[in-house]
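Read through the structure below, which is laid out as structure tokens, and then see the notes.
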Amino acid sequence: MNYIETGIADLWLCEAEIYEDDRGYFFEVFNKKDFAENTGLTVDFVQQNQSKSAYGTLRGLHLQKGDSSQAKLMHVIQGEVLDVVVDLRKDSATFGHYYKVLLSAENNRQLFVPRHFAHGFLVLQPDTTFTYSCDTYYDKNAEVTLNYKDPQIAIDWPAVNGDYILSAKDEQGLDFKTVVETLYGE
């Protein structure tokens, strides 16, 4: 595995070594020991999720607050997404900054996202399947949604044919200031 620094502490882009032959391919998706040796981070995944989405679907920006905050390892197994995360660690030098990267079944890149980041993605190909491992269990009562079009964060989302497909929850995401107040009581 090749681990690429993103410019945001503890946020890693991971590129697997892919072994291909006439039968297909093989690659190691995650190796706890290798990950720790190369990133200095220890993670224990307890839950794995998968979603399938139509072209133009925008999911997020989601996070869980407090002890329910989740570190995640993202991976696309079919199709392509623009994956976006926002650093919400109050003491981070990159607090309020975002990072975006194309993840696809073709490039097999993965994104490791530490706790206290909002996460979302825009689906760029039909029938995209997205999977991610989490280091804590989902807690509906701890869920917070940051508005994907918050002007303070100003994410540069690409256009798609037509409007984004959003859930009601994502359409009603909170502005950056309210999310920070929700997380830190300020």
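Can you bin the chain into rounded, prolate or oblate? Criterion: square roots of the alpha carbon gyration tensor eigenvalues sorted a ≥ b ≥ c, rounded for a/c under 1.5, prolate for a/b above b/c, oblate for the rest.
oblate
Once the Cα-Cα distance is subtracted from the 0.36 nm per residue extended length, the residue 49 to residue 105 segment shows a gain of 18.5 nm. Between residue 184 and residue 23, the distance separating the two model label sites (each 7 Å from Cα on the Cα→Cβ line) works out to 5.2 nm.
How much accessible area per residue does the chain have, counting only protein heavy atoms and a probe of 1.4 Å, in square angstrom? Display every interim value, and only then the final one.
Values: 9740 Å² over 186 residues.
Each residue of the chain exposes 52 Å² on average to a 1.4 Å probe.
Each label was represented as a point 7 Å from its Cα along the Cα-to-Cβ direction; for residue 163 and residue 137 these points are 3.7 nm apart. Which percent of the accessible area of the chain is formed by carbon and sulfur heavy atoms (probe 1.4 angstrom)? Answer for the chain is 45 percent, counting heavy atoms of protein chains only.
The values are calculated or read from the model by the stated rules, or taken from the named source; none is laboratory data. The shown structure was predicted, so the numbers you read here are calculated from the model rather than taken from an experiment. When we count neighbours, we look across all protein chains shown, and the Cβ atoms used for this are built from the backbone with ideal geometry, even at glycine. Areas reflect the complete protein model, heavy atoms only, side chains present, ligands, DNA and RNA absent. Shrake-Rupley method; radii C 1.70, N 1.55, O 1.52, S 1.80 Å.
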